[in-house]
Amino acid sequence: MKFKIVTLFLLVFLVACKSSYQTVNFEKQNIPTAPNYADESSWAVLPTKYSEGLKKYSVADIDNLKADVFYVYPTLMMDKKDLRWNAPIDDTVQNNSIVYTAVENQASPFATSGKIYVPIYRQAHIKSYDLYAKGGKEAFEIAYADVKKAFEYYLKNYNNNRPIIIASHSQGTNHTTQLLKDFFDEKPLQKRLIAAYIVGMGIKPNEFKALKPMTKPNETGGFVSWNTRKKGTYPKNKTVYNGAVTTNPITWDTSKATTLEQHKGFLYSSGKMYSKALKIVITDGMVWSTNPKFPMRFFMSFMKNYHVGDINLFWQDIKENAELRTKTWLKNH
(Lines give C-alpha, C1' and ligand atoms only; values in the text may rest on other atoms or scores of the structure.)
Protein backbone atom coordinates (compact mmCIF):
# COMPACT_ATOMS: atom_id res chain seq x y z
CA MET A 1 0.00 0.00 0.00
CA LYS A 2 2.88 2.40 0.49
CA PHE A 3 3.15 4.82 -2.39
CA LYS A 4 6.48 6.22 -3.41
CA ILE A 5 6.70 9.89 -2.55
CA VAL A 6 7.13 10.80 -6.20
CA THR A 7 3.94 8.87 -6.97
CA LEU A 8 2.14 10.96 -4.40
CA PHE A 9 3.35 14.14 -6.09
CA LEU A 10 2.13 12.89 -9.46
CA LEU A 11 -1.19 11.79 -7.94
CA VAL A 12 -1.84 15.26 -6.59
CA PHE A 13 -0.91 16.74 -9.97
CA LEU A 14 -3.27 14.41 -11.86
CA VAL A 15 -6.14 15.02 -9.44
CA ALA A 16 -5.69 18.75 -9.89
CA CYS A 17 -5.86 18.36 -13.67
CA LYS A 18 -9.10 16.38 -13.77
CA SER A 19 -12.50 17.83 -14.51
CA SER A 20 -14.62 19.45 -11.80
CA TYR A 21 -15.91 17.52 -8.82
CA GLN A 22 -18.89 15.26 -9.09
CA THR A 23 -20.88 16.06 -6.00
CA VAL A 24 -24.25 15.92 -4.27
CA ASN A 25 -25.84 18.22 -1.74
CA PHE A 26 -24.67 17.80 1.81
CA GLU A 27 -27.39 15.86 3.63
CA LYS A 28 -27.37 15.03 7.35
CA GLN A 29 -28.74 11.55 6.71
CA ASN A 30 -25.61 10.75 4.69
CA ILE A 31 -23.17 11.63 7.46
CA PRO A 32 -21.06 8.55 8.33
CA THR A 33 -21.42 7.02 11.78
CA ALA A 34 -19.33 8.78 14.42
CA PRO A 35 -16.29 6.96 15.82
CA ASN A 36 -16.20 5.59 19.35
CA TYR A 37 -12.71 6.24 20.65
CA ALA A 38 -13.13 3.72 23.45
CA ASP A 39 -12.88 1.19 20.62
CA GLU A 40 -9.30 0.58 19.46
CA SER A 41 -10.56 0.16 15.89
CA SER A 42 -11.22 3.93 15.89
CA TRP A 43 -7.49 4.54 16.22
CA ALA A 44 -5.03 4.08 13.37
CA VAL A 45 -2.18 4.07 15.87
CA LEU A 46 -1.93 3.52 19.61
CA PRO A 47 1.20 2.57 21.55
CA THR A 48 -0.18 -0.98 21.48
CA LYS A 49 -1.06 -0.72 17.79
CA TYR A 50 2.00 0.24 15.73
CA SER A 51 2.32 -0.93 12.14
CA GLU A 52 5.51 -2.76 11.25
CA GLY A 53 6.55 0.20 9.14
CA LEU A 54 6.17 2.62 12.04
CA LYS A 55 7.93 0.27 14.45
CA LYS A 56 11.12 0.38 12.41
CA TYR A 57 11.36 4.13 13.02
CA SER A 58 10.56 3.91 16.72
CA VAL A 59 12.59 2.85 19.75
CA ALA A 60 12.83 -0.75 20.90
CA ASP A 61 10.91 -0.11 24.11
CA ILE A 62 8.07 2.33 23.45
CA ASP A 63 7.09 2.28 27.14
CA ASN A 64 10.32 4.08 28.03
CA LEU A 65 9.28 7.17 26.06
CA LYS A 66 8.31 9.97 28.43
CA ALA A 67 6.25 12.08 26.00
CA ASP A 68 3.26 11.60 23.70
CA VAL A 69 2.67 12.57 20.09
CA PHE A 70 -0.86 13.33 18.88
CA TYR A 71 -0.80 13.31 15.07
CA VAL A 72 -3.62 14.37 12.74
CA TYR A 73 -3.20 13.29 9.13
CA PRO A 74 -3.89 15.32 5.95
CA THR A 75 -6.60 14.90 3.32
CA LEU A 76 -6.38 11.47 1.70
CA MET A 77 -9.87 11.50 0.19
CA MET A 78 -9.25 13.12 -3.20
CA ASP A 79 -11.11 11.18 -5.89
CA LYS A 80 -13.18 13.75 -7.78
CA LYS A 81 -15.77 11.09 -8.60
CA ASP A 82 -16.32 10.32 -4.91
CA LEU A 83 -19.69 11.80 -3.94
CA ARG A 84 -19.08 11.55 -0.20
CA TRP A 85 -18.33 14.62 1.88
CA ASN A 86 -16.72 12.72 4.78
CA ALA A 87 -14.85 9.44 5.00
CA PRO A 88 -16.44 6.65 7.04
CA ILE A 89 -14.07 5.42 9.72
CA ASP A 90 -14.45 1.84 8.48
CA ASP A 91 -13.37 2.65 4.92
CA THR A 92 -10.60 0.10 4.37
CA VAL A 93 -8.98 1.97 1.48
CA GLN A 94 -8.79 5.20 3.45
CA ASN A 95 -7.57 3.47 6.60
CA ASN A 96 -4.78 1.72 4.71
CA SER A 97 -3.72 5.09 3.30
CA ILE A 98 -3.72 6.57 6.80
CA VAL A 99 -1.39 3.89 8.14
CA TYR A 100 0.85 3.10 5.19
CA THR A 101 1.08 6.53 3.59
CA ALA A 102 0.39 9.28 6.13
CA VAL A 103 1.56 7.71 9.38
CA GLU A 104 4.64 5.94 8.05
CA ASN A 105 5.78 9.04 6.16
CA GLN A 106 4.68 11.85 8.45
CA ALA A 107 4.19 10.62 12.03
CA SER A 108 7.34 8.48 11.89
CA PRO A 109 9.92 11.24 12.53
CA PHE A 110 8.33 11.77 15.95
CA ALA A 111 8.44 8.08 16.92
CA THR A 112 11.69 8.40 18.88
CA SER A 113 10.37 11.34 20.88
CA GLY A 114 7.02 10.07 22.12
CA LYS A 115 4.31 7.44 22.01
CA ILE A 116 2.24 7.95 18.86
CA TYR A 117 -1.55 8.41 18.94
CA VAL A 118 -3.43 8.73 15.65
CA PRO A 119 -7.24 8.82 15.70
CA ILE A 120 -9.22 7.86 12.63
CA TYR A 121 -11.55 10.77 11.93
CA ARG A 122 -14.23 11.44 9.35
CA GLN A 123 -11.93 13.56 7.22
CA ALA A 124 -13.50 16.01 4.81
CA HIS A 125 -13.16 15.33 1.09
CA ILE A 126 -10.68 17.61 -0.70
CA LYS A 127 -13.60 19.29 -2.51
CA SER A 128 -14.65 20.77 0.84
CA TYR A 129 -12.07 23.51 0.33
CA ASP A 130 -13.38 24.59 -3.07
CA LEU A 131 -17.02 24.02 -2.13
CA TYR A 132 -16.84 25.39 1.40
CA ALA A 133 -20.16 27.23 1.17
CA LYS A 134 -21.92 24.30 -0.49
CA GLY A 135 -21.27 21.59 2.09
CA GLY A 136 -17.58 21.95 2.84
CA LYS A 137 -18.14 23.90 6.05
CA GLU A 138 -20.33 21.15 7.46
CA ALA A 139 -17.86 18.47 6.36
CA PHE A 140 -15.02 20.22 8.17
CA GLU A 141 -17.12 20.64 11.29
CA ILE A 142 -17.78 16.90 11.37
CA ALA A 143 -14.08 16.17 10.91
CA TYR A 144 -13.02 18.52 13.69
CA ALA A 145 -15.68 17.20 16.06
CA ASP A 146 -14.02 13.79 15.74
CA VAL A 147 -10.50 15.14 16.30
CA LYS A 148 -11.69 17.02 19.38
CA LYS A 149 -13.52 14.00 20.75
CA ALA A 150 -10.47 11.80 20.17
CA PHE A 151 -8.20 14.26 21.95
CA GLU A 152 -10.57 14.47 24.91
CA TYR A 153 -10.60 10.67 25.14
CA TYR A 154 -6.80 10.58 24.83
CA LEU A 155 -6.38 13.11 27.67
CA LYS A 156 -8.72 11.24 29.97
CA ASN A 157 -7.59 7.68 29.24
CA TYR A 158 -4.04 7.68 27.87
CA ASN A 159 -2.05 10.82 28.65
CA ASN A 160 -1.48 10.55 32.41
CA ASN A 161 -0.14 14.12 32.63
CA ARG A 162 2.67 13.47 30.16
CA PRO A 163 4.11 16.22 27.91
CA ILE A 164 2.68 16.39 24.38
CA ILE A 165 3.85 17.02 20.84
CA ILE A 166 1.11 18.00 18.39
CA ALA A 167 1.92 17.07 14.78
CA SER A 168 -0.20 17.59 11.68
CA HIS A 169 -0.26 18.32 7.99
CA SER A 170 -2.66 20.10 5.63
CA GLN A 171 -6.30 19.37 6.63
CA GLY A 172 -4.87 17.93 9.81
CA THR A 173 -3.34 21.33 10.52
CA ASN A 174 -6.73 23.01 10.05
CA HIS A 175 -8.02 20.79 12.85
CA THR A 176 -5.01 20.99 15.16
CA THR A 177 -5.00 24.78 14.92
CA GLN A 178 -8.47 24.78 16.45
CA LEU A 179 -7.46 22.01 18.86
CA LEU A 180 -4.61 24.17 20.13
CA LYS A 181 -7.02 27.04 20.69
CA ASP A 182 -9.53 24.85 22.52
CA PHE A 183 -7.10 22.97 24.76
CA PHE A 184 -3.72 24.75 24.97
CA ASP A 185 -3.83 28.46 24.19
CA GLU A 186 -3.98 30.27 27.55
CA LYS A 187 -5.07 26.97 29.11
CA PRO A 188 -3.34 24.91 31.86
CA LEU A 189 -2.38 22.28 29.26
CA GLN A 190 -0.10 24.78 27.56
CA LYS A 191 2.47 24.00 30.25
CA ARG A 192 2.70 20.43 28.92
CA LEU A 193 3.12 21.36 25.26
CA ILE A 194 6.58 20.43 24.04
CA ALA A 195 5.91 21.77 20.54
CA ALA A 196 3.28 21.91 17.83
CA TYR A 197 4.48 21.02 14.34
CA ILE A 198 1.50 22.35 12.38
CA VAL A 199 2.60 22.11 8.77
CA GLY A 200 1.13 22.70 5.33
CA MET A 201 -1.20 25.64 5.96
CA GLY A 202 -0.58 29.39 6.17
CA ILE A 203 -0.54 30.02 9.92
CA LYS A 204 -0.22 33.67 10.94
CA PRO A 205 2.11 34.68 13.81
CA ASN A 206 -0.88 36.02 15.79
CA GLU A 207 -3.11 32.98 15.16
CA PHE A 208 -3.05 32.24 18.90
CA LYS A 209 -3.20 34.42 21.98
CA ALA A 210 -0.35 32.86 23.93
CA LEU A 211 1.24 30.25 21.67
CA LYS A 212 4.06 31.82 19.68
CA PRO A 213 6.20 30.77 16.71
CA MET A 214 9.46 29.19 17.87
CA THR A 215 12.68 30.59 16.40
CA LYS A 216 15.30 28.51 18.24
CA PRO A 217 15.91 24.78 17.73
CA ASN A 218 15.63 23.96 21.45
CA GLU A 219 12.67 26.23 22.19
CA THR A 220 9.54 24.60 23.63
CA GLY A 221 5.92 25.54 24.29
CA GLY A 222 5.22 27.11 20.90
CA PHE A 223 4.66 26.10 17.28
CA VAL A 224 6.45 25.76 13.96
CA SER A 225 4.91 25.84 10.49
CA TRP A 226 5.91 26.01 6.84
CA ASN A 227 4.74 25.42 3.25
CA THR A 228 7.13 24.01 0.65
CA ARG A 229 7.33 24.80 -3.05
CA LYS A 230 9.88 24.40 -5.79
CA LYS A 231 12.35 27.26 -5.79
CA GLY A 232 11.17 30.20 -7.86
CA THR A 233 7.51 29.18 -8.06
CA TYR A 234 4.37 30.69 -6.57
CA PRO A 235 0.79 29.50 -6.08
CA LYS A 236 -1.86 31.06 -8.31
CA ASN A 237 -2.55 33.58 -5.58
CA LYS A 238 0.96 34.87 -5.04
CA THR A 239 0.05 36.54 -1.75
CA VAL A 240 -1.72 33.56 -0.14
CA TYR A 241 1.23 32.81 2.17
CA ASN A 242 2.34 36.39 2.74
CA GLY A 243 2.85 36.96 6.44
CA ALA A 244 2.55 33.26 7.28
CA VAL A 245 4.91 31.70 9.80
CA THR A 246 7.74 30.14 7.80
CA THR A 247 9.95 28.08 10.05
CA ASN A 248 13.28 26.99 8.63
CA PRO A 249 12.86 23.19 8.89
CA ILE A 250 16.59 22.58 8.65
CA THR A 251 18.16 25.09 11.05
CA TRP A 252 15.02 25.87 13.14
CA ASP A 253 16.15 29.46 13.59
CA THR A 254 15.74 32.69 11.64
CA SER A 255 18.17 31.68 8.87
CA LYS A 256 16.82 32.55 5.43
CA ALA A 257 18.81 29.99 3.44
CA THR A 258 20.70 26.73 3.84
CA THR A 259 23.38 24.75 2.04
CA LEU A 260 23.27 21.13 0.89
CA GLU A 261 25.58 20.16 3.76
CA GLN A 262 23.05 21.38 6.35
CA HIS A 263 20.20 19.18 5.11
CA LYS A 264 20.01 16.06 7.30
CA GLY A 265 17.67 13.84 5.37
CA PHE A 266 14.78 13.34 2.95
CA LEU A 267 12.91 10.07 3.58
CA TYR A 268 12.00 8.26 0.39
CA SER A 269 9.10 5.85 0.87
CA SER A 270 11.40 2.90 0.14
CA GLY A 271 12.78 3.69 3.56
CA LYS A 272 16.03 5.07 2.20
CA MET A 273 17.26 8.39 3.52
CA TYR A 274 18.91 10.97 1.27
CA SER A 275 20.99 13.49 3.15
CA LYS A 276 22.44 16.66 1.67
CA ALA A 277 19.64 16.40 -0.89
CA LEU A 278 18.31 19.94 -1.09
CA LYS A 279 18.82 23.61 -0.33
CA ILE A 280 16.09 25.97 0.79
CA VAL A 281 15.36 29.68 0.80
CA ILE A 282 12.74 31.29 3.05
CA THR A 283 10.70 33.78 1.03
CA ASP A 284 7.22 35.31 0.94
CA GLY A 285 5.85 32.94 3.57
CA MET A 286 7.19 29.84 1.79
CA VAL A 287 10.06 27.39 1.98
CA TRP A 288 11.54 27.34 -1.51
CA SER A 289 13.35 24.06 -2.14
CA THR A 290 15.66 22.93 -4.87
CA ASN A 291 14.69 19.73 -6.68
CA PRO A 292 15.79 17.03 -4.18
CA LYS A 293 18.68 14.81 -5.18
CA PHE A 294 17.30 11.27 -5.29
CA PRO A 295 16.81 8.63 -8.05
CA MET A 296 13.35 9.81 -9.15
CA ARG A 297 14.16 13.53 -9.13
CA PHE A 298 13.44 13.85 -12.88
CA PHE A 299 9.72 13.42 -12.24
CA MET A 300 9.75 16.04 -9.50
CA SER A 301 11.27 18.54 -11.91
CA PHE A 302 7.76 18.98 -13.34
CA MET A 303 6.24 19.76 -9.96
CA LYS A 304 5.94 23.22 -8.50
CA ASN A 305 4.03 22.50 -5.32
CA TYR A 306 5.92 20.29 -2.85
CA HIS A 307 3.02 20.31 -0.38
CA VAL A 308 2.81 16.51 -0.19
CA GLY A 309 6.49 16.39 0.83
CA ASP A 310 6.34 19.09 3.50
CA ILE A 311 7.42 16.54 6.11
CA ASN A 312 9.19 13.83 4.07
CA LEU A 313 11.62 16.33 2.58
CA PHE A 314 12.87 17.24 6.07
CA TRP A 315 12.26 13.92 7.81
CA GLN A 316 15.62 13.51 9.55
CA ASP A 317 15.74 17.24 10.36
CA ILE A 318 12.34 16.98 12.06
CA LYS A 319 13.29 13.78 13.89
CA GLU A 320 16.40 15.30 15.44
CA ASN A 321 14.62 18.54 16.27
CA ALA A 322 11.71 16.77 17.98
CA GLU A 323 14.21 14.77 20.05
CA LEU A 324 16.01 17.98 21.04
CA ARG A 325 12.85 19.83 22.04
CA THR A 326 11.62 16.80 24.01
CA LYS A 327 14.91 16.45 25.88
CA THR A 328 14.91 20.18 26.60
CA TRP A 329 11.35 20.11 27.94
CA LEU A 330 12.04 17.08 30.15
CA LYS A 331 15.23 18.65 31.48
CA ASN A 332 13.40 21.84 32.47
CA HIS A 333 10.36 20.24 34.09
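The values are calculated or read from the model by the stated rules, or taken from the named source; none is laboratory data. Keep in mind that what you see is a predicted model, and the values were worked out from it rather than measured. Quick reminder, even Gly has a Cβ in these numbers, built from the backbone with ideal geometry, and neighbours come from all protein chains shown.
A few notes on this one:
- Test: R229 is modelled with pLDDT under 95 and among the charged types (D, E, K, R): no
For every residue, the table says whether it meets (1) within 27 Å of Q22 (Cα to Cα); (2) within 19 Å of the chain's Cα centre (by Cα).
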| site | (1), (2) |
| --- | --- |
| V45 | no, yes |
| Y50 | no, yes |
| P74 | yes, yes |
| W85 | yes, no |
| T92 | yes, no |
| S113 | no, yes |
| Y129 | yes, yes |
| A133 | yes, no |
| D146 | yes, yes |
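- The test for being under 28 Å from N206 (Cβ atoms), among the small types (G, A, S) and crowded, with 17+ Cβ neighbours inside 10 Å holds for A322.
- Qualifying residue in the range 102-112 (condition: part of a loop (DSSP other than H, G, I, E, B), in contact (Cβ under 8 Å) with a residue 24 or more places away in the chain and in contact with a Lys or Arg (Cβ under 7 Å, 6 or more places away or on another chain)): yes
- Single residue of Y57, Y50 found to be assigned to a loop (DSSP other than H, G, I, E, B) and under 23 Å from S225 (Cβ atoms): Y57
- Of all residues in the range 144-187, those that are crowded, with 16+ Cβ neighbours inside 10 Å, closer than 14 Å to G222 by Cα and among the acidic types (D, E) total 1.
- If you check K238, K331, K319, K327 for being basic (K, R) and not in a helix (DSSP H, G or I), only one passes: K238.
- Cβ pairs under 7 Å, 6+ apart, first in the range 21-37 and in contact (Cβ under 8 Å) with a residue 24 or more places away in the chain and surrounded by 10 or more Cβ atoms within 10 Å (Cβ to Cβ), second outside any loop (DSSP other than H, G, I, E, B) and basic (K, R): Y21/K127; T23/K127; Y37/K149
- Residue satisfying all of: in the range 260-306; among the polar types (S, T, N, Q) and assigned to a loop (DSSP other than H, G, I, E, B); nearest to V99 (Cα to Cα) among these: S269
- So E141, is it within 24 Å of D310 (Cα to Cα), acidic (D, E) and free of Cβ contacts under 8 Å to residues at least 12 places away in the same chain: no
- Here the range 28-67 is the region considered, the condition is being touching an Asp or Glu at 6+ places or on another chain (Cβ under 9 Å) and among the aromatic types (F, W, Y), and the residue that is farthest from S270 (Cα to Cα) is Y37.
- Selected residue (only one of T239, T258, T290 is surrounded by fewer than 16 Cβ atoms within 10 Å (Cβ to Cβ) and of a type in the set (V, I, T)): T239
- Residue that is outside any strand (DSSP E or B) and either of a type in the set (S, T, N, Q) or buried (at least 19 other Cβ atoms within 10 Å of the Cβ) (or both), where the choices are I198, I250, I194: I250
- Cross-chain or 6+ apart pairs with Cβ under 6 Å, the range 86-100 first and farther than 18 Å from E40 by Cβ, then assigned to a helix (DSSP H, G or I): N86/A139; N86/I142; A87/Q94
- Any hit, the range 296-313, residues being under 22 Å from T215 (Cβ atoms), hydrophobic (A, V, I, L, M, F, W, C) and at pLDDT 90 or above: yes
- When the test is whether a residue is at pLDDT below 95 and polar (S, T, N, Q), N64 does not pass it.
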